[in-house]
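A.B. asks: Take a look at the following structure, please.
FYI, it's all coordinate maths here, none of it is from the lab. What you are looking at is a predicted structure, and each value in this text was computed from that prediction instead of being measured. Backbone-built Cβ (ideal geometry, glycine too); neighbour counts: all protein chains shown.
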Amino acid sequence: MTTDPAEGREVPGRFPRDPGDAEGRPAPVPPTGAPGPAASAPPSPAPPSAAPPSARAREETGTRAEPARQGVSRAGATWTAVIAGLVVFILLVVFFIQNQDMVQVHFLGLIGPVPLGLALFIAAVAGGVLVAIAGAIRIIQLRAAARRARRGTAR
């Protein structure tokens, strides 16, 4: 807590006011290792519109600007996808190693021994293909409906 010299009471989260500042802005905080305000030159009066509004708002609230964050790049996304793919591949290898027992598989009149891990993997891939086909059919239906709606509003 600091004491506000203008009002004579403690104000949480505010810097003490610089007596030379006519607009009542908070005193600047010197960088670490730099001499205090007594050794620095008095601030030159600047018009209120000299600083952009966002800088003035940060100055008044005493907050500092955060460094700009960079967006996701293609290389970063590719790297993440490669790592995820490697993790899935390692899990599949472990799955196949742990499920090497031979089982009899009957499918469309074909009968034969297949390792259990491979049979389960084939079943999972077949299920994924069926879901992808159902999703593709629905996407095609939605696109056709959107195309019809555009043509109907354009006429």
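A.B. asks: Taking segment 92-120 as the search range and keeping residues that are in contact with a Pro (Cβ under 9 Å, 6 or more places away or on another chain) and of a type in the set (A, V, I, L, M, F, W, C), which one is surrounded by the fewest Cβ atoms within 10 Å (Cβ to Cβ)? Let's see the steps before the verdict.
C.D. replies: Applying the first criterion (in contact with a Pro (Cβ under 9 Å, 6 or more places away or on another chain)) to segment 92-120 yields 96, 99-105.
So of that shortlist, the ones also of a type in the set (A, V, I, L, M, F, W, C) come out as 96, 102-103, 105.
Values: Phe96: 15, Met102: 12, Val103: 14, Val105: 16.
Taking the candidates together, the pick is Met102.
A.B. asks: Please verify whether Phe89 is assigned to a helix (DSSP H, G or I), in contact with a helix residue (DSSP H, G or I) (Cβ under 8 Å, 6 or more places away or on another chain) and free of Cβ contacts under 8 Å to residues at least 60 places away in the same chain, treating the condition exactly as stated. Don't jump to the end; show me each part of the working.
C.D. replies: Working: assigned to a helix (DSSP H, G or I): yes; in contact with a helix residue (DSSP H, G or I) (Cβ under 8 Å, 6 or more places away or on another chain): no; free of Cβ contacts under 8 Å to residues at least 60 places away in the same chain: yes.
No, not satisfied.
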